[in-house]
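The values are calculated or read from the model by the stated rules, or taken from the named source; none is laboratory data. This is a predicted model, so every value here is computed, not measured. Cβ sites come from the backbone with ideal geometry, for glycine too, and all protein chains shown count toward neighbours. Keep in mind that these areas ignore ligands, DNA and RNA; they rest on the heavy atoms of the full protein, side chains included. Shrake-Rupley method; radii C 1.70, N 1.55, O 1.52, S 1.80 Å.
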Amino acid sequence: MTWALVVNPMASRVSEETIARVEERLPTPLETLRTTTPGEATELAGRLDGTVEAIVALGGDGTFNEVLNGVRGASVVGFLPGGGTSVLPRALGLPRDPVAAAGRLAVGRTRRIGVGRVNGRRFGFSAGIGLDAELVRAVDRMGRSPEGRRPGDRAFVRAAAAILLGRGARFEPVLTIEGHGRAAFAFVANCSPYTYVGPLGLRVAGRASFEGGLDLFAPERVTPWTLPRIAARALRGTAGPGIVAAHDVDRLVVRCDASMPLQVDGEDLGDVDGVVLEAERDALSVLV
């Protein structure tokens with residue numbers, strides 16, 4: 001059977017040279033398909049699933065999320081880091097260089113992983129209600145380069161600083177996590193790290209793993225005095241006083257006092273009044 005390479009040519013670190021070098025490292029016969037519109041990777045992955053041995057995505061986390069939502073698990077799946085952050089392949093232990101990562105995938109070693117679902121949509125590594133979704137939205141508002149590329153990590157740091165300054169570093173409880181309590185915002189992790197800022201992994205929920213259920217990290221309240229402690233705990237991936245936390249759970253229900261932004265795998269899904277998050281354990285085989 002063939003392998004298929006699904007490429008987002010507009011991803012931050014994807015070029016025709018990179019595509020050609022990746023093609024050289026992957027097994028043959030290889031079919032390469034380039035996406036042209038948002039959502040197309042989901043359609044392509046759905047069509048390819050079960051007709052090829054492996055579906056490999058080269059792009060950013062948005063492309064990986066689309067592929068996750070297209071496959072049913074009939075083919076193995078691989079992820080090559082072509083975006084600015086590319087959390088999913090890095091969390092799976094792959095090199096940051098897509099060509100080196102392609103060489104790793106070509107060996108054919110696989111790992112069974114679980115994924116999360118939020119209101120039915122799959123996610124690979126994270127979902128967030130509130131602060132981090134606001135951050136994703138703020139960066140999206142900055143627009144893209146003339147080549148269509150999304151701003152990088154520095155833009156996220158600037159946007160985070162602007163949000164914190166604009167709020168006076170204060171976030172009051174505005175949502176309820178059923179069975180767990182009230183919180184200002186919520187991070188839900190399917191693995192650790194939750195995301196990266198350059199080489200720095202933001203762990204948030206340090207015990208989360210692809211083989212387990214979902215982990216929750218939700219500060220009850222943030223003030224200028226508690227912000228440094230909460231940020232330190234997020235970096236280390238540990239909970240503590242003032243943090244609503246849960247480990248390896250199958251289901252979380254979040255109710256918002258008013259509509260709040262939602263993100264999955266770094267993609268803005270708009271405002272929601274509430275979400276149901278579920279663990280889909282042992283969902284598919286991925287190349288590592």
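A few remarks follow.
- One residue stands out in region 104-135 among those that are part of a helix (DSSP H, G or I) and of a type outside the set (A, V, I, L, M, F, W, C): the one that is farthest from the chain's Cα centre (by Cα), namely ARG104.
- Some residue of region 254-261 being surrounded by 19 or more Cβ atoms within 10 Å (Cβ to Cβ), over 11 Å from LEU175 (Cα atoms) and in contact (Cβ under 8 Å) with a residue 24 or more places away in the chain: yes
- Among the residues of region 136-172, those identified as of a type in the set (A, V, I, L, M, F, W, C), open to solvent by less than 40 Å² (accessible area, probe 1.4 Å) and either part of a helix (DSSP H, G or I) or at pLDDT below 90 (or both) are VAL136, ALA138, VAL139, ALA155, ALA159, ALA160, ILE163.
- Being farther than 21 Å from PHE125 by Cα and either within 19 Å of the chain's Cα centre (by Cα) or surrounded by 15 or more Cβ atoms within 10 Å (Cβ to Cβ) (or both) is a property that does not hold for ALA101.
- Yes/no for ARG170 being more than 25 Å from LEU80 (Cβ to Cβ), touching a residue at least 60 places away in the same chain (Cβ under 8 Å) and basic (Lys, Arg): no
- Residue ID - surrounded by the most Cβ atoms within 10 Å (Cβ to Cβ), chosen from residues in region 14-31 that are farther than 19 Å from SER86 by Cβ and touching a strand residue (DSSP E or B) at 6+ places or on another chain (Cβ under 9 Å): LEU30
- Test for THR28: is it part of a strand (DSSP E or B), among the polar types (S, T, N, Q), out of contact with any Gly (no Cβ under 6 Å at 6 or more places or on another chain) and under 22 Å from ALA74 (Cα atoms): no
- Qualifying residue in region 211-221 (condition: modelled with pLDDT of 95 or more, among the charged types (D, E, K, R) and open to solvent by less than 40 Å² (accessible area, probe 1.4 Å)): yes
- Considering region 231-253, and only residues there that are crowded, with 20+ Cβ neighbours inside 10 Å and not small (Gly, Ala, Ser), the residue that is nearest to GLY114 (Cα to Cα) turns out to be LEU252.
- Single unsatisfied condition, TRP225 versus (1) open to solvent by 10 Å² or more (accessible area, probe 1.4 Å); (2) touching a Ser or Thr at 6+ places or on another chain (Cβ under 8 Å); (3) not in a strand (DSSP E or B): (2)
- Considered as a group, the residues in region 186-199 that are hydrophobic (A, V, I, L, M, F, W, C) and open to solvent by 10 Å² or more (accessible area, probe 1.4 Å) include one that is farthest from ARG117 (Cα to Cα), and that residue is VAL197.
- Meets criteria (open to solvent by less than 40 Å² (accessible area, probe 1.4 Å) and free of Cβ contacts under 8 Å to residues at least 60 places away in the same chain) for ALA11: no
- Only one of the listed residues (LEU58, LEU44, LEU94) is open to solvent by less than 20 Å² (accessible area, probe 1.4 Å), without any contact (Cβ under 8 Å) to a residue 60 or more places away in the chain and outside any helix (DSSP H, G or I). That residue is LEU58.
- Scanning region 242-260 for residues that are assigned to a strand (DSSP E or B) and small (Gly, Ala, Ser), we see that the one that is farthest from the chain's Cα centre (by Cα) is ALA258.
- When residues of region 68-90 are limited to those that are outside any loop (DSSP other than H, G, I, E, B) and closer than 12 Å to VAL286 by Cα, the one most open to solvent (accessible area, probe 1.4 Å): VAL76
- Inspection of region 106-120 identifies no residue that is among the hydroxyl-bearing types (Ser, Thr, Tyr), modelled with pLDDT of 95 or more and surrounded by 24 or more Cβ atoms within 10 Å (Cβ to Cβ).
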